[in-house]
Each structure stands twice: as C-alpha cells, then as structure tokens.
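Novice: One structure, as structure tokens, below. Some questions next.
The values are calculated or read from the model by the stated rules, or taken from the named source; none is laboratory data. The model shown is predicted, which means the values in this text are computed figures rather than measured ones. Note that each Cβ is placed from the backbone with ideal geometry, even for glycine, and that neighbours are counted across all protein chains shown. These area figures cover heavy atoms from the full protein model, side chains too; ligands, DNA and RNA do not enter into them. Shrake-Rupley method; radii C 1.70, N 1.55, O 1.52, S 1.80 Å.
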Amino acid sequence: MEYNFKDIEKKWQLYWSKNQTYKVDIDSSKKKYYVLDMFPYPSGAGLHVGHPLGYIASDIFARYKRLLGFNVLHPMGYDSFGLPAEQYAIQTGQHPAVTTEKNINRYRQQLDAIGFSYDWSKEVRTSDPSYYKWTQWIFIQLFNSWYNVSTNQAESISSLIGIFETVGNNQVSAVHTHDWNFTSHDWKSFNEKTKSEILLNYRLSYISDAMVNWCPELGTVLANDEVKDGVSERGGFPVERKQMKQWSMRITAYAQRLLEDLEKIEWSDSLKEQQRNWIGRSEGAEIRFKIFNSELELLIFTTRPDTIFGATYMTLAPEHEYVDIITVEDYKNEVNGYVLEAKNRSERERMAEVKNITGVFTGAYAIHPFTGNKIPIWVGDYVLSGYGTGAVMAVPAHDARDYAFARHFNLPIVEVVSGGELELGSYDAKEGKLINSEFLDGLEVKEAIKKVIEKIESRNLGAGKINFRLRDAVFGRQRYWGEPIPIYYQDGIPLAVDEKDLPIILPEVDKYLPTEDGEPPLARAKDFQYKGFPIETTTMPGWAGSSWYFLRYMDANNNEKFASSNTIEYWKEVDLYMGGAEHATGHLLYVRFWTKFLFDRGYISIEEPAKKLINQGMIQGRSNIVYRIKDTNKFVSLGLKNDFEVTELHVDVNIVENDILDIEAFKSWREEYRSAEFILEEGKYICGNEVEKMSKSKWNVVSPDIMIDKYGADCLRLYEMFLGPLELSKPWNTNGITGTSNFIRKLWKLYHKNNQQNQELLFDVSNDEPTKAEYKILHKTIKKVKEDIEKFSFNTSVSTFMICVNELTDLKCNKRKIVEPLAVIISPYAPHIAEELWFLLGNASSVTKTLFPEFNDEYLIESEFAYPISVNGKTKFNLNLSLSITKEEVEKEVLANENMQRLLNGASPKKIIVVLGKIVNVVV
RNA sequence: GCCCGGGUGGCGGAAUUGGUAGACGCGUCGGUCUCAAAAACCGAUAAUCGCAAGGUUGUACCGGUUCGAUUCCGGUCCUGGGUACCA
C-alpha cells in the first residue's frame, strides 16, 4: 500500500497534542527563539489557502530552530475584534461573540489539520475580556503619560502636573496640540475642567477633532474602504466629510524614533522605505505671510524656503479656517460652492485626480515678506488640510503641481533657480544657483535654504522646522465590536477607570446599530456606567489589540500583569515575524509605537517588537469561467466560445481540474444546470480562467481542507512552499500539486519494498554502510537545504529534496544511515511523514527533539587541483578547478580564450567556469 | 496621483547576485508494461532554420554602461499591494 497520509497524519497530530510536544516554557539553559505569525482575523469564510503560506514558512523555521537546539516560542491566536463580525451581526442579529467563537473553532480545526507546531496553551483572542483588560490597561498608561521632548521619552502625567504646579508650562518642552502659556500661579487658579483640558493637550491618548466620513443615513462613520464614489458601499447613501471629536493617539511624538530605529532592525529595505515615506520627515520652514488689509497672518510650511522669491500665489486647502474669513464678498458664492464640493471628496480622490485641476480665487492677497508684493490667495484641493499647515506658498517654476495650477489659471511663473536644463515646472531644482532672489542671488540651493531661514528667523517671520507627514492616529470608532475605552465622564471631564476595575466589559445591546441621535451602539447599553458616571461609548480600532499581542503570548494566562517580568526578560522580542506587506504602514507602525511607549514607561526592556520581518506574498484566486450561450442552457468550451454570443459565469473551482470541467459535478452543482448541455473540444469542456482576489462570490476560494483530504497536509505544505518565492504574490493553482504528491510517495517507496504475494509495501531498510556517492547525495542536500532555510528560500529546497530522492531512488538506496538523517532534514517541511519514518526506524522519540545533521564538506569535493596563472612571469593567482580537466587543457583553453587574454592584464578572475573540461567563462 | 513590489518556455518557477539562461515540478508528445486502461518507469520538450553537424534569435519594451547584462543605470508599458475607520 502507498503512503496512507490520512491515518498517519491523524496519528501524529494526536500524538503531538497528547504529549504537548510543542509546549514551551522559559528555560535559561537554552537559547530562546521567538517565531511569530501575524494572527488571523477569524472570518466566516474559514481559512483559505492563502493564510497558511506564511504560517507554513514560519513553522518550517520554528521547527528548524528547534532542531538546532533552540527553545522556540511559536504561538498562535486570533485578532477577533473587527468590522465583518459586526456587519454580520447587524444583518442577522446574532451576537458577534457567537459567530466569532464559531469561526475560531473552524479556524482551529483547519490549522490543526496542517500540522503546525504551535503552543496552543498560549493562545490569545483580542476579544476575550481577559485579554482586552490589558489593552485597556495600556490605553490608561497612554492616557496617563506625556511626551517629554527634553528627555525624549514618555513620562508619567503626574510629573507634568508637578512642573505645572511649580513653574507653569513655560519651560516645558512637550509634544502637544495647542500652544497655551500659563504660570504656576495660573495653573493653581484653573478649575478642574480647565486643568483637564490642558492636560488632554499633552496626554498620549487624547481627544481631538478629526475629519471623518460621516454617513447621516446610516448614522455612522465609514472607512474609506466602505465609501465608493461618494456613497456608502452598504446601501448607497451619501457620505460627507465632517469634523468629529475623537480619541486619538499621539504617535507623532515618536515620529523621529520610529524613523531612526528602522536602522536597528532586519526588515526588508522596501518595507523600511515605505515606513520612512509614511513618516515623511521633511526639513523646511514655517513662514508667516501678512494678509493685505487684515490683521491676520497666514502660516505656511515649505521644504523649499529658498524659492520664496518665486512664490507668485498662495493656495489654501478648502478646509483651511481662513478660507471663510478672508474671502472677499464678491467671491464668496464661488468659493463656498467650491469648498462644499471639495469637502466631500476623499483625500485619495483629490490626490488621484491630479490632472483635473480645480481651484478658486478668494479675492484676498498676502504680502510677500521680502518684496512687499501683493500675492493672490487661492483655494485649491491639491492642498491637503492634514499636512503641514494646510497652506502653501506656490512656486510654480519649481513644483510640478504648482506649475500645473499656474498654467491652468494663468498665474505668473517666476524662475528663481537657474541651471535646469529641463522645462519649467518639471524642474524641481534641487541643485542650481538662485536668481531673481535679491539677497539669495548666486547662492547654491543648500546655502540659500540656510541663509533664508536665518533671515526669516532674525526678522521674526517664521522659523526653520522639521515637519512629519505622519499624523496622530484616530483611535475612537463608532462601532460595537471592539474594546470599550476605559474612560468615564464626570461633569464632562474625561477620567480613566481605576486599574483594579478593569476590564470594562463590552455591554450587551439590543441592536448593533447607532442610536437614533447618531450615538455609537454602546450608547444603547443600559447602565453602561462607572461609579454612576457615563462611560465613553466609542470603542477601540482593530489595531489596538494587535499592537501588543506579541507580549501577551509570553505569559498568556497571567491575571496579575500583561506578562510576568521574568517571561518578558526571557523572550524579549520577536526574532522572526512573518506576515503580509499590506500591514507595512498600519499594524507594523502601531506595534512599534506601543512597544516604544511600554519601553519608555519601564514595562519592557526592548524598543522594537521584531528583529527580523519577512513578508509573505498574497495568494490570489484563480477563477474558472464557463460560457453559456445566450438564452440557452448550453455551455461552450473555451476554444469555441467566439463562435457564439455567450455569458461568462464563474464556476466553482473545486469542480474543475486543470481547467477541465467535471461535467457531472457541474450538473449536480446547481439545480438549474441539471439538464445543461455542452459543446466540447476533443471530448473535454475547457474553462476559461482569471486571476482575481479570493472571494466567496467569485467561487474561487480554495480551502485547504479539500487539498488536505485529497493529498494530505505534508503535500499541501510542500506544495505551498514549492509554488514560488515566499515574498511574491501569486495566483493559486493546483496544477502542479501532483509533483509534490509524487515526491512524498517516492520518499515512502524509498524504504519500502513490494511484497510479491499481496502487493503490500513492507518497510525495508538496510544497515549497510552507504557508498561515497550516497553520502554525497545526502550531504549535498543538507548543505543546500540549510542554506535555503536560512535565506527563507523554501521553494528551492523543495526542489533539492526532489532531486535528492530521485537520485537515491536511482541508486536504490534504502540505507538507514542515509534515510534517518534525511527524515530529519525533511521534517520541518513535511513533519508527519518524517515523524512516521523516524518511528519506523525504531526511534520512539519525536523528530522535533533531534539535532539537524551537520553537512560534511569532504563528501562534496570531487577532485581539485590548483593551477597557477602567471602574467609577465609572476604568479598572479591560483585557479581552483573542481571538475576534471588536465593541466594541458587549462593552458590551451586559457590561451585560446579571448576574454581571458583581455583580462589577464587587469583584475584577477574569481572563478573560471569549466564544463566538461572546457573553460567556458571567466569571472573577474 | 503618490509610496513599495513584480514582469524569464505552454504553465509555476531556477540561475552561486555581472559569467553555460530555462534547475526542479506541472503539462504535452513518444516509448516500455497491459487484452485495454490506470499507475509506474524511460526518453523528448524556448523559438526558429537545417536530414544532420550546427547556426540564428531569445529573460515586458526602448536606450545606456561592460570583454560579457535576466542581473547595474535612464526612460516607457503592463500588473499586485498600500494610501491613514478593512484586517
């Protein structure tokens, strides 16, 4: 009988769970290694084949590290708060906790079937009160902290209050929202409410005004994702942009450190670059422009203060507070209309439609601080209110967007940097000499920037400034299914709930919708109070729970602390973090932020959550299409479809194999197809295909269950790794799975022989000493696979296994001394078959406790001699040749090789490539 | 629009990071075995010209650097992810 994966995989999975094989505890005698997967959101569709890609890769690495003797923490859990469960609850009335629980159970079954080596005793669920108790606790720590710029760290709010009481805030250098000067005397005279407002100005979690997508019809705030073409995706109701009081997190306090510390971690350059761009540090200046006939001054931020003499107009964001104030009467109608229209377009839309230039003149003018010229003030939606000061001095000669705007509205363009060969406007002039710029004329750009900032500062027109694109993170959500924010309001003053009273349990509500007056769903809860005062009714965002979960795994069942200090000290940070690149600027920034905060406040001793990060690519769906001839129940095969007028229909990919439709399965798939007829090609119905996002509605979701049932978990694991480089996105297709399936069967047959009588395969290994050739095959494989695992190049190691098994099969090698170590090196990839093989070989213990075999170089060398290459009588270097070639042949080939001749006078070749005794190429 | 990826046979992908392009697997074709089929095994398989030996062209497209480019540089096209309340 062939390899019976069903029985064997079940047997070992049971064995692992019974023996708690993968349970770990801190062990100071061993080096630790922490392998973490980004935990999944348990969706109703179940796990699909895309999920395990990263999980298999990290599992391979975790198992590999165990084989090397590390104490490996490899946990798993669920990011179980989220919007889909809430949407489902709104539709069906089922409590999100119920559906979430159901989904989690399904996920767990599916994960178990793949044979992961997780320590399930450390499972976490973000929606579990015993977990979110600590999420709330961290929120309170943030609420009770401020960022001291002088010490460059977060400190307790009580130290700030102490400073206020003794000296006021004049000497305080803190990250805050509004400027507000007061003395200690003033402070003492403020009432509680004022004090509270002042402190909120400094706290790391605070209340602010934030722009949101408000849908009056649904009475709720929508994600940009939920808004399509200006209307809500759900229901199609109009959506408007609106300011709203929201809880926020002062992540901007950490902008510089988040930027700098990227140097300390081994994340991919592209991901670091994305974070750098997201943080968007830019050096420049803030400059005040007087407004003509007004007391007001317009504050702008520019990265190019040197081009100030090229500023020919000003542009305000439509949301800018001055728009309404400065607009001249005659222009009011037009400006108001424009602002109203711009307001309801999302930032993304506004930026995306850059070719569609719009704007209006306000009728007002600013005064150029150096020339005294009147500069028209415009409103344009290419200026965003959230960045800088929401106002720019436009220098059309040296900025593409300003240029386009100026050309469109016929505004003057003054060139101030010479030396550009390119056309005006497309020339950003980062280098060159200043012209038309009075005291800056003749200076290089860099010098000019310095000089103009000095001038601006000395004349008190503004100051040099470092600006970040990063914005504070809006933290409140008008949703039900999230962590309650542990704040209550006493006479309108927000106060933190006492830590000993945590968690604030998510209350029951009659409906998961906002109230009639547009209050969040939690406002429906009866007696949602603390000490008789109302509790905050917005909840935390999805990213809250995931911003610290890596710490909870260390000590998941601790009721006294989020994790005990000795576990935190032992496990420290994640050594390998595996997850999708789509989290580059969301989760991966927030988790770094919270980690730094917890470090500042002394709760942990690490400043970065993860040393090394690998992004696995996304697996896309590969849909299959059938073609129904219009107004019939007749389906035509792909190659013949052009002869007919057809409708394209998605067909369940599970009843299609290699694009060939299983006609019987199709007929019973749906009632309406029972009597379907087919026009075939060569007796087959060929389906079309398309690569798209995996989605239930496209019938292209492939669940691992079916694959496991058909081919086994090991086969699925090998196949997902074999599919291509881990980091690349790729469509799922099962066309090649027979390859890995064949490999497993071949491996099985390698140490089984056929029983002549009943065709049974009998276990059969020999104790003979392997030959040199056999050892070579083994050690070649060990070397390659080890290198591949360390490079996360799992696809090529699967190839290596295949070559190895093919070669051993050719030699009919079933020797124990080869098969035993082979089982070990295969075990990270295909743990079940490896374990079974190990067991058959008479080893009781699990392969997970074995050491990874070292490769031996001696077996890899075939023949070698060093050949000295001489130039002008001097020996320049030795060639090490590893394939059979004679001295005479070398001489002949070296002399005959043109490249060699040309190169001998220059640098030394590193390598000469020799094939069948011929030098074919030279590496310098 | 902006930021970050990717583009190599019929298909998934290799290529020691500048040195024999196409490893390995799938598929297809041919063969062995069989009454037949399946399975298994063996062989062929980038395109093109040629009976053959062998030649030519080939890593999205255009150009550059180099003795030599899939690899480095400049530009273009297509495509995936992110774009701040999806997770």
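Novice: Could you work out how far apart the two model spin labels at residue A:634 and residue A:463 are, taking each label as a point 7 Å from the Cα in the direction of the beta carbon, and quote it in nm?
Specialist: 8.1 nm
Novice: Is the C-alpha gyration tensor of the range A:747-806 telling us rounded, prolate or oblate? Criteria: a/c under 1.5 is rounded; beyond that, a/b larger than b/c is prolate, otherwise oblate.
Specialist: oblate
Novice: For residue A:563, what residues show an amide H to amide H distance below 5 Å, using hydrogens built from the backbone and excluding near sequence neighbours?
Specialist: none
Novice: Answer with one residue from A:82, A:8, A:52: the one whose Cα lies farthest towards the positive end of the charge dipole of the range A:1-113, charges on Cβ with Lys, Arg +1 and Asp, Glu -1.
Specialist: Value: A:8.
Novice: Distance from the Cα centre of the range A:59-126 to that of the range A:151-223, in angstrom?
Specialist: Centre-to-centre (Cα) distance: 38 Å.
Novice: Heavy atoms only, probe 1.4 angstrom, no DNA, RNA or ligands counted: give me A:159, A:437 ranked by accessible area, highest first.
Specialist: A:159, A:437
Novice: Around residue A:461, which amide H atoms from residues at least 5 apart in sequence, or from another chain, sit under 5 Å from its own amide H, with H modelled in the peptide plane?
Specialist: Here nothing satisfies the definition.
Novice: Pairs of Cα atoms under 8 Å, at least six residues apart: use those to get the relative contact order of chain A, whole percent.
Specialist: Contact order relative to length: 13 percent.
Novice: Once you order the gyration tensor axes a ≥ b ≥ c over the Cα atoms, which shape class does the range A:230-313 get: rounded for a/c under 1.5, otherwise prolate or oblate by comparing a/b with b/c?
Specialist: Values: a/c = 2.17, a/b = 1.11, b/c = 1.95.
Taking the square roots of the gyration eigenvalues as a ≥ b ≥ c, the range A:230-313 is oblate.
Novice: Moving on to the next point. Which of A:122/A:698; A:23/A:572; A:11/A:849; A:122/A:272; A:749/A:817; A:6/A:122 have a Cα-Cα distance over 25 Å?
Specialist: A:122/A:698; A:122/A:272; A:6/A:122
Novice: Where does each of A:846, A:458 land when they are ordered by accessible area, with a 1.4 Å probe and the largest first?
Specialist: A:458, A:846
Novice: Over chain A, average the accessible area per residue using a 1.4 Å probe and give it in Å², no decimals.
Specialist: Here the per-residue accessible area is 46 Å².
Novice: Report the full-extension gain for the segment residue A:26 to residue A:841: residue separation times 0.36 nm, less the Cα-Cα distance, to one decimal in nm.
Specialist: Working: separation 815, 0.36 × 815 = 293.40 nm, distance 3.18 nm.
Fully extending the segment from residue A:26 to residue A:841 adds 290.2 nm.
Novice: Within the range A:624-681, report the trypsin sites (Lys or Arg not before Pro) that DSSP leaves as loop and that have at most 14 other Cβ atoms within 10 Å.
Specialist: On the way: sites: A:628, A:630, A:634, A:641, A:667, A:670, A:674; in loops: A:630, A:670, A:674.
Of the trypsin sites (Lys or Arg not before Pro), the ones in loops of the range A:624-681 whose Cβ has at most 14 other Cβ atoms within 10 Å are A:630, A:670, A:674.
Novice: Could you sort the peptides A:827-837, A:788-798 by per-residue average Cβ neighbour count (10 Å cutoff), highest mean leading? Write down the numbers at each step before the final one.
Specialist: Values: A:827-837: 25.9, A:788-798: 18.3.
Descending packing order for the listed peptides: A:827-837, A:788-798.
Novice: Going by the alpha-carbon gyration tensor, a ≥ b ≥ c the square roots of its eigenvalues, is the range A:1-73 rounded (a/c under 1.5) or, if a/c is not under 1.5, prolate (a/b greater than b/c) versus oblate?
Specialist: Details: a/c = 2.00, a/b = 1.21, b/c = 1.64.
Cα axes put the range A:1-73 in the oblate bin.
Novice: Straight-line reach only, C-alpha to C-alpha below 12 angstrom: list the aspartates and glutamates that residue A:264 could link to, leaving out same-chain residues fewer than 8 apart.
Specialist: Hits, sequence-local ones excluded: A:607, A:608.
Novice: Same structure, new question: Sort A:397-410, A:557-570 by packing, meaning the average of other beta carbons within 10 Å per residue, with the highest value first.
Specialist: Ranked by mean Cβ neighbours within 10 Å, highest first: A:397-410, A:557-570.
Novice: What full-extension length gain, to one decimal in nm, is calculated for residue A:762 and residue A:191 as 0.36 nm per residue of separation minus the Cα-Cα distance?
Specialist: 196.8 nm
Novice: OK, next. Across every pair of different alpha-carbon atoms, what Kirkwood hydrodynamic radius in Å does chain A reach? Could the numbers behind the result be given before it?
Specialist: Values: mean 1/r = 0.0303 Å⁻¹.
Radius from the Kirkwood sum: 33.0 Å.
Novice: May I ask you to list the lysines whose Cα is less than 23 Å away from that of residue A:455, ignoring any residue fewer than eight positions away on the same chain?
Specialist: A:290, A:374, A:430, A:433, A:446, A:465
Novice: Determine ³J(HN,Hα), in whole Hz, for all residues of the range A:511-518 in sequence, where each value follows from phi through the Karplus function 6.51 cos²θ - 1.76 cosθ + 1.60 and θ = phi - 60°; x replaces Gly and Pro.
Specialist: Taking θ as phi minus 60°, the curve returns 9, 9, 9, x, 6, 4, 8, x Hz for the range A:511-518.
Novice: For the range A:705-773 and the range A:808-843, what is the separation of their C-alpha centers, rounded to whole Å?
Specialist: Value for the Cα centre distance between the two parts: 12 Å.
Novice: Ok, one more. Antiparallel versus total DSSP beta bridges in the range A:283-387: what percent is that, nearest 5?
Specialist: Here the antiparallel bridges make up roughly 80 percent for the range A:283-387.
Novice: In addition: When you count, for each residue, the other Cβ atoms within 10 Å and take the mean per peptide, how do A:517-524, A:362-369, A:24-31, A:343-350 rank with the highest first? Provide the component values of the computation, followed by the final result.
Specialist: Values: A:517-524: 18.1, A:362-369: 21.0, A:24-31: 11.6, A:343-350: 15.1.
Peptide ranking by packing, descending: A:362-369, A:517-524, A:343-350, A:24-31.
Novice: What is the percent carbon and sulfur in the accessible area of chain A, measuring with a 1.4 Å probe over the protein chains and ignoring ligands?
Specialist: Within chain A, the accessible surface is 49 percent carbon and sulfur.
Novice: Still on this structure: Quick query: amide H of residue A:290 versus all other amide H atoms, modeled in the peptide plane; which residues come in under 5 Å with a sequence gap of 5 or more or a different chain?
Specialist: Those qualifying (amide H under 5 Å, at least 5 residues apart or on another chain) are A:298, A:367.
Novice: Based solely on its DSSP helices, what 222 nm [θ] is calculated for chain A when runs of n ≥ 4 H residues each add -39,500 (n - 2.57) and the sum is averaged over all residues, nearest 500 deg cm²/dmol?
Specialist: Taken over chain A, the calculation gives -10000 deg cm²/dmol.
Novice: So for A:322, A:859, what's the accessible-area order with a 1.4 Å probe, most first?
Specialist: If we order A:322, A:859 from most to least accessible, we get A:859, A:322.
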